[in-house]
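Data first, discussion second: the structure below is written as structure tokens.
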Amino acid sequence: MLDKMKQLMEMKSKMDEIKKELDSIILDSEDNLVRVSITGSQEIKAVTIKVELSTADKTKLEASLTETVNRAVRESQKTAAQKMSALSGLPGMG
């Protein structure tokens with residue numbers, strides 16, 4: 001019973017450490033219209049529109065923003081999965 005508790009405490013400690021690490025990682029995804037900055041824990045930190053709104057094509061800008069956000073989220077998920085794979089080394093986790 002104590003071994004299981006110890007394992008759970010180790011896992012929680014490691015998860016907290018990974019969460020802090022993911023919170024501090026900033027990933028950028030961009031194209032010629034927009035840039036999106038997102039943390040490894042998938043919090044959008046910034047959206048930058050790189051063109052003048054008065055001359056931008058609304059449909060293209062919306063599509064660009066959608067694609068760029070989705071790409072940023074996928075990159076963030078990939079980064080989180082890589083970091084979480086460290087948990088597989090703990091007893092009872094892999």
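Where a number appears in this text, it was derived from the coordinates with a stated rule and is not lab data. Predicted model only: the values in this text are computed from it and were never measured. Methodologically, a virtual Cβ is constructed for each residue, glycine included, from the backbone with ideal geometry; neighbour enumeration extends over all protein chains shown.
The table that follows gives values for the structure above.
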item: Modelled FRET efficiency - R0 22 Å, ASP28 with SER88, Cβ distances, 0.05 increments; result: 0.20
item: Pairwise label distance in nanometres, ALA56 with GLU21, each label 7 Å out on the Cα-Cβ vector; result: 3.5
item: The chain: angle of helix 2-24 to the longest principal axis, Cα-based, in degrees nearest 10; result: 20
item: Computed [θ] at 222 nm, helices only, for the chain once each DSSP H run of length n ≥ 4 contributes -39500 (n - 2.57); result: -19000 deg cm²/dmol
item: Charge dipole magnitude, Cβ of K and R +1, D and E -1 - the range 2-89, Cα centre, debye nearest 20; result: 300
item: Å³ per residue enclosed by the Cα convex hull of the chain; result: 82
item: C-alpha long axis of helix 58-84 to longest principal axis of the chain, angle in °; result: 20
item: Proximal charge balance of ASP23 [Cβ under 14 Å; K/R count +1, D/E count -1]; result: 0
item: Normalised contact order of the chain, rounded percent, pairs of Cα under 8 Å and 6 or more residues apart; result: 30
